[in-house]
Structures are given as C-alpha cells and as structure tokens.
Amino acid sequence: MTNLLNLEGIFFYAVICLYFAATVFYFLFVTVKKEALGKAAAAIQILGLVLHTAALILRGIGAGRLPLTNQYEFATSFAWGLCLVSLVFIWRFKFPVIGTFAAPIILLLIGYAAMQSREVKALMPALRSSWLGFHVSTAIIAYGSFGVSAVLGLIFLLRERMKNQGFWDKHIPAREKLDLISYRSVCLGLLFLTFTIITGAIWAEQAWGSYWSWDPKETWSLVTWLIYATYLHLRIRRGWKGRTAAIFAVVGFVCVLFTYVGVNTLLPGLHSYA
Amino acid sequence: MKKLWKFLGSMQFAIGLLVVLALACAGGSFLPQGLRYEEYAALYSERTAGLILALRLDDVFHSWWVLVLTGFLCGNLLLCNLLRLPQLLRRSRQAGDPAHLGAPTVTVGGVQDPDAVLTRLRMPKAVEHTDAEGRTLRIAVKHRAGLWGAWVCHLGILLLILGFVLGQMTKEEYTVYGVPGQVKQIEGTEYALKIRDFQLQREADGFVTQYTTALTLYDLSNEDDVLAQDATASVNHPGSAFGFKLYQNSTGDAAHFTVRRDGETVQEAVLCVGEQISLLNTPLQVQLRAVLADHDKAANGSSVPGYAYQIYIDDSFYGMDVQPEGGTIQDFLPYEVSFSEPQSYTLIQLKRDRFSRLALAGGLITLLGLFLAFYCQTRRVWAIREADGGWTVFGSSPKGGALFAEQVREAANQVQS
Ligand code: HEM
C-alpha cells in the first residue's frame with residue numbers, strides 16, 4: 001500500500017509539471033499565435049489528465065477508499081474535474097483558447113493541493129458513508145464546469161475589446177455562440193451542483209440528524225446555486241443576456257472558490273475536514 | 001392592481017429576490033450568529049450591536065425578513081407557474097402543428113434527403129402534412145417535455161421550500177444521553193428511552209470507526225399498555241421507532257458514583273461528564289468535570305484514571321480536585337464518596353420531521369426540471385418539398401440558438417456530400 005502511495009506521489013508531481021508545461025504552451029499559443037502550439041498544449045493537458053487519473057486511482061487503492069475525503073484529495077480532484085471538463089469543451093467546441101485560461105487555474109488548484117498534507121488518515125465515522133462518493137464526485141464535476149463557465153465569461157468580456165484580429169476571430173467564437181457555450185457549461189454545473197446539494201442533504205440527515213443546518217459550507221453552496229439561478233434568468237431577459245450574464249458566470253466561480261477554500265479557512269463549521 | 005400582480009409574478013422581481021437572498025445568506029455566514037448584545041458591542045460598537053439586533057442580523061436565517069423574502073419567492077414562483085401554464089399547454093400541444101411552426105432559426109435549401117438530415121440530428125421520425133399551399137411538409141419534434149423543464153423546476157423549488165419551512169415549524173427534536181442500562185424519560189413527551197448497549201468499534205491502532213447504540217423506545221401514553229420498540233442507531237445509520245428517527249449523535253465520558261456510610265452503599269448513580277448530583281438529602285452537590293484516562297502511572301507502568309470533580313454547596317462553588325481510581329473524596333465525612341469504572345455515555349438525538357419527505361421530493365423534482373430544461377431542450381426540424389423536387393430544411397430550438405443552427409447546417413452538408 002505504501003508503495004502505491006509513493007507511486008501516486010511521483011505521478012502527482014509529474015502531473016504538476018505537465019500542467020505547468022500545458023500552461024506555458026497555451027500562453028505561447030495566444031502570444032505567438034501558432035496553431036501547432038495550441039494543439040501541443042492540449043496534447044500535454046490530455047497526458048496530464050491521464051496521469052492525474054492514474055494518480056487518483058493509485059491513491060484510492062493505496063488508501064483503500066475513495067480518494068475524496070480530505071483537503072489534499074479534494075483539491076487534486078477539483079483540479080482533475082476542471083481539467084476534464086475544460087478538455088471536453090475544448091474538444092466539443094474546437095476552442096483551445098479555453099485552455100489558455102483554464103490551465104493556470106488548474107495549476108493553481110493543484111498547487112494548492114501540493115501545499116496540503118498527503119498523509120492517509122483513518123476516516124472518522126461520519127465520513128464512512130456511501131453518500132460521500134456521490135456528494136464529492138458530483139461537486140468535482142460541478143466545480144469543474146463552473147470553472148469553464150468563468151473562463152468563458154472572461155473570454156466573453158475580453159472578446160468585446162478584441163476587434164478585427166484574424167487570429168482571435170478564428171479562435172474565439174462570436175459573442176452569441178460564446179454565450180451559448182458558457183450557458184452549456186453553467187447547465188452542466190448547476191445540474192451537478194443541485195445533485196451535490198441534495199446528496200449532501202441526504203447524507204447530513206443520516207449523519208447529523210438534520211439535512212440543512214446553515215453550516216457555512218451549506219450556506220455558500222446555496223449562495224453559489226442562487227447566483228447561477230440568477231445567471232439563467234438574466235440570460236432569458238433580453239437586455240441582460242451577454243455581458244451581465246458573463247459577469248455573473250465569473251462571480252459565480254468566485255463563490256465556488258470561496259465555498260471551497262474560503263469557507264474552510266475563514267468560516268469553520270461542520271465541514272471543517274473537507 | 002393588475003400591474004402589481006404582474007410585477008409580483010415577473011422575472012425581474014424573481015431576479016431581485018434571488019440576488020437579495022444570496023446576499024442575505026452570504027452576510028449571515030460572515031456575521032457571527034446567535035451572540036448577545038454585549039458580545040456584538042464588544043466585537044463592533046454599541047450602535048452596530050443595536051442595529052444588528054434590531055434587524056435580526058443575529059439570526060439571519062430565521063429572521064422575519066428572510067421569511068418574508070422566501071414567502072415572496074414562493075408567491076413569485078407560484079404566480080409565474082400559474083400564469084405560464086395555459087401558454088405551456090398550448091405550446092406543447094402545438095409543437096408539431098404545421099400552423100404554428102413560427103420563425104425558424106436556421107434554413108438550408110436544396111436538400112435531397114431530409115430524412116437523412118433528421119437521422120444525423122438524431123431527431124425522431126417526421127410526420128407528413130400538407131401545408132396551405134398544397135406543399136408536402138414533414139415535421140419532427142424532439143423533446144416536447146423540455147418545454148416543461150423550467151415549470152417542473154419551479155414546482156420542485158416550491159415544494160422544497162414548503163417542506164423545509166413546514167418541517168422547521170413542526171419538527172420535534174430531543175436529545176437523551178446515558179450509559180447502558182439506564183432508562184430516561186424524554187422531557188416534554190410521553191416517551192422513555194432505554195439504552196440497552198453502547199459499543200465503540202475500533203481499528204487496530206485504537207481509532208474509533210463507529211459508535212452503535214442499541215435502544216428501546218417506550219410509548220408511555222397508555223399506562224396500562226406500555227408499547228416498546230427496539231432500534232439500533234449508529235453514525236450514518238439512524239434507527240427508527242414510533243415515527244422518530246434515532247441518531248447516534250455523539251459520545252463522552254461517564255463514571256460510576258458511589259456514596260458509602262460505615263462501609264455500606266447508601267447512594268449509587270452513573271454520572272456523565274457535566275452532570276451534577278445532590279448527596280442524599282444534603283445541600284451538597286458533586287459534579288463530574290472530566291475523566292482523565294492517564295491521570296497517573298501504576299507501579300507496573302499501566303495508566304491509572306482520575307476523576308476531576310467540583311463540589312457545590314447550595315449551588316455555590318466550594319472546591320475542586322481530582323480523585324484517582326481506587327481513592328475516595330474525603331470532604332463529606334462521615335460519607336465516603338468515590339468515582340470508579342470509567343465508561344462512555346452515548347448521546348442520542350430523536351427527531352420527527354413529517355415534512356422532510358416533501359422537501360426531498362421537492363429536491364428531486366427540481367433536479368428533474370433542471371435535467372429537462374438543460375438536456376431535453378425542445379427542437380423542431382421541418383422540411384418543405386419545393387417545386388423542383390428538392391427540400392428546404394428549417395430548424396428551431398428556443399434554447400439552442402446558433403449552436404443548433406450550426407448542427408443543422410453541418411448535418412445537411414454531410415448528407416449532401
Ligand atoms: C430559486 C429559484 C429559481 C430557480 C433555480 C429557477 C430555475 C430556472 C431554470 C433552470 C430555468 C430554465 C432556464 C433555461 O432553460 O435556460 C428557469 C426559467 C425561467 N424561470 Fe426560473 N428559477 C427560479 C426562480 C424563478 C422565479 C421566482 C421566477 C418567477 C417569475 C422564475 C421565472 C422563470 C421564467 C419565466 C423562466 C423562463 C422559462 C422558459 O424559458 O421556458 N424563476 N428558471
């Protein structure tokens with residue numbers, strides 16, 4: 001078991017190097033404006049994701065449980081989720097510029113994971129629940145999707161300033177399409193966040209006898225949920241579609257990050273282990 | 001008046017409410033909740049403390065104004081759903097009606113095989129009609145149910161809020177603690193709870209992995225016919241009896257308390273940490289403060305526990321000390337008082353929330369609504385046969401916009417080539 005965890009450690013640091021390389025290549029892609037660099041960056045990111053997946057599997061086997069139970073495991077899984085969802089959107093919409101913005105966030109998240117303790121500790125009784133897997137894995141996809149929405153919101157806001165430049169016109173879709181892609185990622189995120197909140201409530205009810213206690217993490221996941229619900233309605237109102245909605249997509253992800261990092265450090269509560 | 005109703009059911013109002021509620025929740029998580037005036041005054045200033053209490057910011061999540069906002073949100077959702085119902089029924093009935101196709105978002109001319117385009121778009125089989133000009137028209141509609149997504153989602157949220165609020169208002173919640181063998185009356189109810197057994201499961205290194213209490217709940221409402229139901233509660237696996245859910249909430253230390261006089265036991269009890277007991281009929285009280293597992297070392301190196309206690313006389317503090325295992329407390333002579341047999345007590349929470357299922361149903365309906373709204377978006381593709389024998393293909397998807405238009409164009413191109 002220790003061998004597997006050691007191997008996971010090696011993979012983990014290799015993944016950091018790959019994500020760093022992907023970030024550099026994506027940056028060069030938009031500065032040097034050579035398509036081959038974008039393709040190379042995406043290929044490195046895919047390799048990083050494969051190795052990252054292997055690292056998580058090794059940790060799961062090494063620890064004898066799902067690798068989703070402490071700060072380190074959640075941070076690395078969050079980075080994995082964002083990496084996966086961003087690659088899906090890059091591939092689905094042939095839009096490698098997403099990577100230029102997503103890769104540094106992935107790097108930050110995995111850097112945050114590297115600062116946490118990697119020790120495998122025994123689980124407290126409340127965490128020994130099959131709901132944990134559903135709750136945290138849906139959160140990872142939700143957070144990853146919201147990361148992509150924020151990236152798309154940023155691109156939308158920056159796109160307004162970029163005019164008549166061949167490279168950008170080729171690699172960044174028109175505003176309407178950009179807004180629709182961002183909407184797709186919010187849809188995925190909100191569906192999964194709702195799943196996360198419901199499975200969390202069911203689990204909380206079994207573990208603590210109350211499905212909703214206004215614990216800071218719960219409260220902030222509700223704030224996030226409300227922000228994205230607002231985003232959806234803003235998009236439907238003609239005047240607020242586009243720019244205002246894009247700002248909300250960015251604000252929503254700030255809430256996600258606060259729910260994840262800020263709540264743990266600034267507002268301790270029942271979720272203090274996560 | 002009509003304008004007011006319209007505003008109360010409008011989406012602008014909904015957006016405003018959602019933003020204000022989000023801000024209220026965020027604020028409530030930053031401002032320490034449940035403090036007293038003096039505590040807020042010490043943290044901020046007296047004026048701020050006054051303001052906090054006046055606006056009920058000390059208990060944001062249960063304040064009248066959050067309740068009013070939530071009430072408005074429910075009213076807003078209800079009105080919105082009621083107002084939109086006739087339109088939705090009409091739209092879903094007319095989805096495949098050639099007279100109500102509306103403006104397409106995409107048009108592709110000169111298509112030879114419209115069915116192949118539909119297959120590429122994974123649309124269901126088209127239904128053939130003849131339009132007013134006598135042309136052949138084929139219409140395929142996918143995901144009619146998607147029209148209902150937002151409506152179902154709003155309904156789910158309404159039920160969720162209703163279940164939550166009713167649950168908060170009517171739920172019954174009690175806690176009972178004790179050690180195996182004890183029977184405790186549940187204050188304010190006609191139930192009593194017997195703790196039959198309490199077990200801690202540990203890993204090899206002593207780490208506790210599970211707490212399990214076996215218990216019996218008695219219904220004492222009918223003295224002549226006391227009913228009993230057994231249950232087991234462990235963390236993540238609540239038991240149930242008489243409509244209550246029984247949760248293994250926590251645990252703590254306890255010890256046996258004995259009073260002897262002239263070598264004879266005259267009083268016995270089990271005290272949990274924090275509990276206080278009066279010494280027979282005297283004004284003296286003893287409180288167990290803590291059980292110290294490693295208070296001392298015996299000659300053979302094993303740990304000797306100790307019991308930290310406090311003494312009160314008529315509720316006034318008198319003194320405190322630690323009694324080692326095997327020792328006695330001499331302050332009460334001629335009574336000999338002692339603690340022994342360190343043990344764990346279990347804390348059980350009993351809860352009855354008749355509306356939690358409604359809240360859960362609301363949550364699941366919300367989820368279904370979101371799925372319908374996002375992943376079953378209604379699409380219509382129709383084709384008209386032109387005089388030259390070719391077909392013009394049209395598509396519309398209220399939510400798909402440019403992306404859907406692109407898909408239709410791509411599918412048509414692929415079929416053509
Ligand atoms: C917690 C609150 C709410 C949530 C989570 C929510 C959720 C949603 C969702 C998921 C959609 C579909 C959006 C899409 O497909 O792009 C939607 C649409 C809509 N919502 Fe809400 N909603 C909420 C509150 C409200 C309220 C209070 C109103 C009251 C007017 C409202 C009015 C509408 C309307 C008119 C639509 C457009 C429906 C359509 O295009 O078919 N929503 N909402």
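The values are calculated or read from the model by the stated rules, or taken from the named source; none is laboratory data. Keep in mind that this is a model prediction, so the values were computed, not measured. Every residue, glycine among them, receives a Cβ derived from its backbone with ideal geometry; neighbour counts consider all protein chains shown.
Answer with yes or no whether A:Leu132 is within 14 Å of chain B (Cβ to nearest Cβ), over 30 Å from B:Leu347 (Cα atoms) and crowded, with 22+ Cβ neighbours inside 10 Å.
Numbers: within 14 Å of chain B (Cβ to nearest Cβ): yes; over 30 Å from B:Leu347 (Cα atoms): no; crowded, with 22+ Cβ neighbours inside 10 Å: yes.
Considered against the rule, which asks whether it is within 14 Å of chain B (Cβ to nearest Cβ), over 30 Å from B:Leu347 (Cα atoms) and crowded, with 22+ Cβ neighbours inside 10 Å, A:Leu132 comes out as no.
For B:Leu350, indicate whether it is part of a strand (DSSP E or B) and either within 16 Å of the ligand (Cβ to nearest atom) or at the interface with chain A (Cβ under 10 Å from one of its Cβ atoms) (or both). Break it down stepwise before answering.
Working: part of a strand (DSSP E or B): yes; either within 16 Å of the ligand (Cβ to nearest atom) or at the interface with chain A (Cβ under 10 Å from one of its Cβ atoms) (or both): yes.
Considered against the rule, which asks whether it is part of a strand (DSSP E or B) and either within 16 Å of the ligand (Cβ to nearest atom) or at the interface with chain A (Cβ under 10 Å from one of its Cβ atoms) (or both), B:Leu350 comes out as yes.
Out of the range B:387-405, which residues are more than 16 Å from the ligand (Cβ to nearest atom), surrounded by fewer than 19 Cβ atoms within 10 Å (Cβ to Cβ) and touching a residue at least 12 places away in the same chain (Cβ under 8 Å)? Step through it out loud before you land on a result.
Of all residues in the range B:387-405, those more than 16 Å from the ligand (Cβ to nearest atom) come to B:387-395, B:405.
When the remaining residues are screened for being surrounded by fewer than 19 Cβ atoms within 10 Å (Cβ to Cβ), the result is B:387-390, B:392.
Within the range B:387-405, B:Gly390, B:Thr392 qualify.
Taking the range B:353-386, which residues are part of a loop (DSSP other than H, G, I, E, B), crowded, with 17+ Cβ neighbours inside 10 Å and away from the ligand (no atom under 16 Å from the Cβ)?
If the condition is that a residue be part of a loop (DSSP other than H, G, I, E, B), crowded, with 17+ Cβ neighbours inside 10 Å and away from the ligand (no atom under 16 Å from the Cβ), then B:Asp353, B:Phe355 are the ones that fit.
Does at least one position in the range B:61-73 carry a residue that is surrounded by 15 or more Cβ atoms within 10 Å (Cβ to Cβ) and more than 27 Å from A:Lys217 (Cβ to Cβ)?
No - not one qualifying residue is present in the range B:61-73.
Taking strands (runs of 3 or more DSSP E) that do not extend beyond the range B:201-317, which have at least 2 residues that are of a type outside the set (Ser, Thr, Tyr) and either farther than 30 Å from A:Leu132 by Cβ or away from every other protein chain (no Cβ under 14 Å) (or both)?
Numbers: elements: B:208-219, B:227-234, B:239-241, B:244-261, B:264-272, B:276-278, B:284-297, B:303-313.
Of the strands (runs of 3 or more DSSP E) lying wholly inside the range B:201-317, those with at least 2 residues that are of a type outside the set (Ser, Thr, Tyr) and either farther than 30 Å from A:Leu132 by Cβ or away from every other protein chain (no Cβ under 14 Å) (or both) span B:208-219, B:227-234, B:244-261, B:264-272, B:276-278, B:284-297, B:303-313.
Mind counting the residues in the range A:125-175 that are of a type in the set (Phe, Trp, Tyr) and closer than 30 Å to B:Phe207 by Cα?
Looking only at the range A:125-175, we keep the residues that are of a type in the set (Phe, Trp, Tyr), and these are A:131, A:134, A:143, A:146, A:156, A:167-168.
Cutting the leftovers down to closer than 30 Å to B:Phe207 by Cα gives us A:131, A:134.
Final tally of qualifying residues: 2.
Considering only the range B:68-85, I want to know if a residue exists there that is over 26 Å from B:Ala373 (Cβ atoms) and more than 14 Å from chain A (Cβ to nearest Cβ). So that I can check it myself, show each step before the final result.
At the first step, the residues of the range B:68-85 found to be over 26 Å from B:Ala373 (Cβ atoms) are B:68.
Okay, now just the ones that are also more than 14 Å from chain A (Cβ to nearest Cβ), so B:68.
Yes - at least one qualifying residue is present in the range B:68-85.
Okay, residues lined up against (1) among the aromatic types (Phe, Trp, Tyr); (2) under 24 Å from B:Pro238 (Cβ atoms); (3) within 15 Å of the ligand (Cβ to nearest atom); (4) surrounded by fewer than 18 Cβ atoms within 10 Å (Cβ to Cβ):
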{"residue": "A:Val186", "(1), (2), (3), (4)": "no, no, yes, no"}
{"residue": "A:Ala207", "(1), (2), (3), (4)": "no, yes, no, no"}
{"residue": "A:Trp220", "(1), (2), (3), (4)": "yes, no, no, no"}
{"residue": "A:Thr224", "(1), (2), (3), (4)": "no, no, yes, no"}
{"residue": "A:Leu234", "(1), (2), (3), (4)": "no, no, yes, no"}
{"residue": "A:Val263", "(1), (2), (3), (4)": "no, no, no, no"}
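Quick one: in the range A:1-48, which of the residues that are in a loop (DSSP other than H, G, I, E, B) and touching a residue at least 24 places away in the same chain (Cβ under 8 Å) is surrounded by the most Cβ atoms within 10 Å (Cβ to Cβ)? It would help to see each step written out before you state the result.
So the first thing to find is which residues in the range A:1-48 are in a loop (DSSP other than H, G, I, E, B), and the list is A:1, A:33-34.
Now restrict to residues that are touching a residue at least 24 places away in the same chain (Cβ under 8 Å): A:1, A:33.
Values: A:Met1: 10, A:Lys33: 15.
Looking at the filtered set, the residue picked out is A:Lys33.
Go through the range B:27-37 and count every residue that is among the aliphatic types (A, V, I, L, M) and either within 10 Å of the ligand (Cβ to nearest atom) or more than 19 Å from B:Leu69 (Cβ to Cβ) (or both). Even if it seems obvious, please write down each step before you answer.
The first filter runs over the range B:27-37 and keeps only residues among the aliphatic types (A, V, I, L, M), leaving B:31, B:35.
From the residues that got through so far, the ones that are either within 10 Å of the ligand (Cβ to nearest atom) or more than 19 Å from B:Leu69 (Cβ to Cβ) (or both) too are B:35.
Looking only at that region, the number is 1.
Condition first: away from every other protein chain (no Cβ under 14 Å) and in a helix (DSSP H, G or I). Can you find one or more residues in the range B:401-409 that meet it?
First, the residues of the range B:401-409 that are away from every other protein chain (no Cβ under 14 Å): B:408.
Among the residues that remain, those that are also in a helix (DSSP H, G or I) are: B:408.
Within the range B:401-409, one or more residues are away from every other protein chain (no Cβ under 14 Å) and in a helix (DSSP H, G or I).
Would you confirm whether any residue within the range B:57-65 is among the charged types (D, E, K, R) and within 14 Å of chain A (Cβ to nearest Cβ)? Break it down stepwise before answering.
Keep residues of the range B:57-65 that are among the charged types (D, E, K, R), which gives B:58-59.
Retained after the next criterion (residues that are within 14 Å of chain A (Cβ to nearest Cβ)): B:58-59.
So far as the range B:57-65 goes, yes, one or more of its residues are among the charged types (D, E, K, R) and within 14 Å of chain A (Cβ to nearest Cβ).
All but one of (1) out of contact with any Asp or Glu (no Cβ under 7 Å at 6 or more places or on another chain); (2) closer than 28 Å to A:Leu132 by Cβ; (3) in contact (Cβ under 8 Å) with a residue 60 or more places away in the chain; (4) in a helix (DSSP H, G or I) hold for A:Leu108, so report the exception by its number.
Answer for A:Leu108: the failing condition is (3).
Scan the range B:154-200 for residues that are of a type outside the set (A, V, I, L, M, F, W, C), within 14 Å of chain A (Cβ to nearest Cβ) and more than 19 Å from B:Gly252 (Cβ to Cβ) and jot them down.
Listed by number, the residues that qualify are B:His154, B:Gly156, B:Gly163, B:Gly167, B:Gln168, B:Lys171, B:Glu172, B:Glu173.
Return yes or no: is A:Thr2 farther than 24 Å from A:Val186 by Cβ and not charged (D, E, K, R)?
On the way: farther than 24 Å from A:Val186 by Cβ: yes; not charged (D, E, K, R): yes.
Yes.
Which members of the range A:111-124 meet the condition of being closer than 30 Å to B:Leu200 by Cα and touching a residue at least 40 places away in the same chain (Cβ under 8 Å)?
Result: A:Ser117, A:Arg118, A:Val120, A:Lys121, A:Leu123, A:Met124.
For the range B:89-105, which residues satisfy the criterion of being surrounded by 15 or more Cβ atoms within 10 Å (Cβ to Cβ) and out of contact with any strand residue (DSSP E or B) (no Cβ under 7 Å at 6 or more places or on another chain)?
At the first step, the residues of the range B:89-105 found to be surrounded by 15 or more Cβ atoms within 10 Å (Cβ to Cβ) are B:91-92, B:95-96, B:98, B:101, B:104-105.
Once the filter is applied, which keeps residues that are surrounded by 15 or more Cβ atoms within 10 Å (Cβ to Cβ) and out of contact with any strand residue (DSSP E or B) (no Cβ under 7 Å at 6 or more places or on another chain), the range B:89-105 yields B:Arg91, B:Ser92.
(1) within 14 Å of chain A (Cβ to nearest Cβ); (2) among the aromatic types (Phe, Trp, Tyr); (3) within 30 Å of B:Asn81 (Cα to Cα): which one isn't true of B:Trp5, the others all being true?
Condition (1) is where B:Trp5 drops out.
Only one residue in A:Asp169, A:Asp179, A:Asp215 is farther than 30 Å from B:Phe244 by Cα, surrounded by 18 or more Cβ atoms within 10 Å (Cβ to Cβ) and of a type in the set (Asp, Glu), so which one is that? Explain how you work it out, then say what you get.
Working: A:Asp169 fails: surrounded by 18 or more Cβ atoms within 10 Å (Cβ to Cβ); A:Asp215 fails: farther than 30 Å from B:Phe244 by Cα.
Of A:Asp169, A:Asp179, A:Asp215, the one residue that is farther than 30 Å from B:Phe244 by Cα, surrounded by 18 or more Cβ atoms within 10 Å (Cβ to Cβ) and of a type in the set (Asp, Glu) is A:Asp179.
Checking the conditions here, which among A:Leu152, A:Leu193, A:Leu180 is under 22 Å from A:Lys34 (Cα atoms), within 16 Å of the ligand (Cβ to nearest atom) and not small (Gly, Ala, Ser)? Show your work before the answer.
Working: A:Leu193 fails: under 22 Å from A:Lys34 (Cα atoms); A:Leu180 fails: under 22 Å from A:Lys34 (Cα atoms).
Only one candidate passes the filter, namely A:Leu152.
Counting only residues that are small (Gly, Ala, Ser) and more than 7 Å from every other protein chain (Cβ to nearest Cβ), which one in the range B:12-26 is farthest from the ligand (Cβ to nearest atom)?
Taking the range B:12-26 first, the residues small (Gly, Ala, Ser) are B:14, B:16, B:22, B:24, B:26.
Now drop any that are not more than 7 Å from every other protein chain (Cβ to nearest Cβ), which leaves B:16, B:24.
Numbers: B:Gly16: 10, B:Ala24: 13 Å.
Among those that are small (Gly, Ala, Ser) and more than 7 Å from every other protein chain (Cβ to nearest Cβ), it is B:Ala24.
Does B:Gly28 fit the bill of being in contact with a helix residue (DSSP H, G or I) (Cβ under 7 Å, 6 or more places away or on another chain) and not in a helix (DSSP H, G or I)? Working first, answer last.
On the way: in contact with a helix residue (DSSP H, G or I) (Cβ under 7 Å, 6 or more places away or on another chain): yes; not in a helix (DSSP H, G or I): no.
Spelling it out, it is not the case that B:Gly28 is in contact with a helix residue (DSSP H, G or I) (Cβ under 7 Å, 6 or more places away or on another chain) and not in a helix (DSSP H, G or I).
Of the conditions (1) outside the structural domain of B:Val393 (by TED's automatic domain parsing); (2) more than 16 Å from the ligand (Cβ to nearest atom); (3) modelled with pLDDT under 90, B:Gly9 clears all except one; give me its number.
Of everything listed in (1) outside the structural domain of B:Val393 (by TED's automatic domain parsing); (2) more than 16 Å from the ligand (Cβ to nearest atom); (3) modelled with pLDDT under 90, B:Gly9 misses just condition (2).
Going through B:Ser63, B:Ser92 one at a time, which residue ends up being among the hydroxyl-bearing types (Ser, Thr, Tyr) and within 13 Å of the ligand (Cβ to nearest atom)? Don't jump to the end; show me each part of the working.
Values: B:Ser63 fails: within 13 Å of the ligand (Cβ to nearest atom).
From the options B:Ser63, B:Ser92, the qualifying one is B:Ser92.
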